[in-house]
C-alpha cells in the first residue's frame with residue numbers, strides 16, 4: 001500500500017536515508033512524505049504498529065524491474081536435444097551421432113538418445129539397450145546418464161545430462 005491507501009491510525013516511520021523517525025499518525029507521516037516530494041510505502045503491514053517508509057516509489061519499482069531483468073539475463077535455460085539412432089546403425093554414423101551429442105553437452109543442454117525400432121526390430125530390444133550403453137560409455141567424460149534406457153512403444157529412450165564442472 002502506498003500514500004492515501006494507508007488507513008492505520010499509528011505507524012512506525014523510516015526516513016528515506018534509513019533512519020527511524022518513530023511512531024506517528026499516518027496523516028502526519030503522509031504530510032512529511034509530501035513535503036519531501038516522495039511516497040509513503042507500507043513495507044511491514046504485519047508488524048505492530050505497521051512499518052512505513054518514505055521513498056520514491058516509481059524509482060523503487062524501476063530498480064526492482066532492472067534487477068529482475070539482469071537476473072533473467074544471467075540464467076541459462078537448459079533445453080533437451082534429441083539424437084535418433086536405429087539398431088542397425090553403421091560405425092561412422094554412430095560416431096557422428098556421438099559427436100553431435102558431445103557438442104550439445106558442451107553447450108550445456110541435456111541430450112535424449114532415442115533408438116527407433118521399425119517392424120520386427122522391437123522384438124530384439126536388447127540390441128537397442130546395448131547400443132545405448134555403448135553410446136553412454138563414449139560420452140561418459142562429458143555427461144552422466146540421468147534416465148536409464150526405457151522402452152516406450154517402438155522407441156527406446158535414455159536421457160544424458162551434462163556433468164557439472
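In the stretch 4-20, which residues are exposed (fewer than 14 other Cβ atoms within 10 Å of the Cβ) and under 11 Å from residue 53 (Cα atoms)?
Across the stretch 4-20, the qualifying residues are 16, 17, 18, 19, 20.
Give the residue that is modelled with the lowest pLDDT, with candidates limited to residues of the stretch 12-22 that are closer than 15 Å to residue 34 by Cβ and in a strand (DSSP E or B).
Pass one, the stretch 12-22, residues closer than 15 Å to residue 34 by Cβ: 13, 15-16, 21.
Imposing the further condition that a residue be in a strand (DSSP E or B) reduces the set to 13, 21.
Numbers: 13: 88, 21: 85.
By that ranking, first place goes to 21.
The values are calculated or read from the model by the stated rules, or taken from the named source; none is laboratory data. Model, not experiment: these values are computed from the prediction. We place every Cβ from the backbone using ideal geometry, glycine too, and count neighbours over all the protein chains shown.
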